[in-house]
1. Please enumerate the residues belonging to segment 66-109 that are crowded, with 18+ Cβ neighbours inside 10 Å and charged (D, E, K, R).
2. Out of everything in segment 250-272 that is within 15 Å of Asp228 (Cα to Cα) and either of a type in the set (Val, Ile, Thr) or surrounded by fewer than 16 Cβ atoms within 10 Å (Cβ to Cβ) (or both), what residue ends up being farthest from the chain's Cα centre (by Cα)?
3. Of the residues Asn143, Asn170, Asn125, Asn138, which is touching a residue at least 24 places away in the same chain (Cβ under 8 Å), more than 16 Å from Val194 (Cβ to Cβ) and in contact with a Pro (Cβ under 9 Å, 6 or more places away or on another chain)?
4. For the condition among the charged types (D, E, K, R), in contact with a Lys or Arg (Cβ under 8 Å, 6 or more places away or on another chain) and in contact (Cβ under 8 Å) with a residue 24 or more places away in the chain, what is the one hit in Glu119, Glu55?
5. I'd like to verify a number: residues in segment 147-170 that are touching a strand residue (DSSP E or B) at 6+ places or on another chain (Cβ under 9 Å), closer than 20 Å to Thr108 by Cα and either crowded, with 23+ Cβ neighbours inside 10 Å or small (Gly, Ala, Ser) (or both), how many?
6. Buried (at least 21 other Cβ atoms within 10 Å of the Cβ) and under 22 Å from Ile47 (Cβ atoms) - does that describe any residue in segment 113-120?
7. Can you pull out every residue in segment 1-19 that is within 21 Å of Leu257 (Cβ to Cβ) and touching a residue at least 12 places away in the same chain (Cβ under 8 Å)?
8. Under 7 Å between Cβ atoms, which residue pairs at least 6 apart in sequence (or on different chains) link something in segment 195-212 that is among the charged types (D, E, K, R) with a partner that is crowded, with 24+ Cβ neighbours inside 10 Å and part of a helix (DSSP H, G or I)?
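The values are calculated or read from the model by the stated rules, or taken from the named source; none is laboratory data. The structure presented is a predicted model; accordingly, all values stated were derived computationally and were not measured. Don't worry about glycine lacking a Cβ; one is built from the backbone with ideal geometry, like all the others, and counts go over all protein chains shown.
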Amino acid sequence: MKIGTFIYFDRDSFEKKICDLKEAGFNSFQLSSWNPNVFTDENAEFIKATVEKYEVEISAFWCGWQGPSVWDFYDGQLTLGLVPPEYRQMRIENLIAGADFAKKIGVTDIITHMGFIPENPNDPNFAPLCVAIRTVANHLKENGQYLLFETGQETPVTMLRCFEKVGTDNLGVNLDTANLILYGKANPVDALDVFGKYVRNLHAKDGKYPTNGHDLGEETRIGDGKVDFKALFEKLHEIGYDSYVTIEREISGDKQLEDILYAKKYLEDIISKIYS
């Protein structure tokens with residue numbers, strides 16, 4: 001089991017972030033960018049050289065997309081992922097460009113949020129969405145890559161149904177342990193019964209369920225929310241998962257690093273007992 005963290009790419013601060021990562025005892029990270037303008041050969045060479053210098057590993061590339069993004073239950077339906085038809089073609093191109101960039105730095109797993117995938121398979125937007133996802137997945141397959149859905153905006157069954165409809169063999173799950181709770185969609189431990197065999201990476205994150213119909217639940221420090229990490233890793237061990245664990249804490253400042261280091265120790269204590 002490899003415990004890492006999450007890094008947004010910025011050319012000016014990237015090497016310092018990697019140095020700090022290494023000093024904190026991490027050897028892997030998910031790299032993320034929402035800006036297609038940074039997907040250059042020059043940046044790819046810079047990233048490869050920095051990763052080699054500090055002897056760390058990129059577990060996956062989290063690829064964002066252009067256009068509006070509102071993280072709530074109302075405007076989120078209209079703005080997130082490949083679901084809104086008006087942004088779909090642009091975001092297909094964003095994801096393909098991000099995947100090609102990731103290939104240059106030797107990364108096989110591309111992660112993104114697909115948006116609020118319709119729960120109703122008869123929704124007129126469901127089939128065209130699956131065609132769009134298939135377009136991206138087929139391009140990634142040519143690259144020898146996997147397309148990972150980050151959990152959150154859809155129930156586990158809806159995600160599984162989408163996998164079945166898309167029909168390619170290079171789809172996977174980035175299990176964000178908190179998002180399923182923050183969006184009120186599922187318990188992450190039970191969700192493994194539905195899509196466990198597809199999990200290729202996970203965000204170790206914690207949080208609480210929503211308390212109103214408009215806003216997501218509150219993200220918390222690991223151990224302070226509703227995720228049962230002991231039960232989660234017992235289930236992951238049971239299904240044979242022994243790969244990347246990426247700590248994500250979506251705050252900023254000194255408290256973010258403090259909480260990440262706390263999470264590292266918290267998770268190591270649990271994992272060492274289960275995977276011994």
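1. Arg88, Arg91, Lys103, Asp109
2. Selected residue: Asp269.
3. Asn125
4. Of the residues listed, the single one that is among the charged types (D, E, K, R), in contact with a Lys or Arg (Cβ under 8 Å, 6 or more places away or on another chain) and in contact (Cβ under 8 Å) with a residue 24 or more places away in the chain is Glu55.
5. 4
6. no
7. Lys2, Ile3, Gly4, Thr5, Phe6, Ile7, Tyr8, Phe9, Phe14, Glu15, Ile18, Cys19
8. Final answer for the pair search is Lys208/Ile181.
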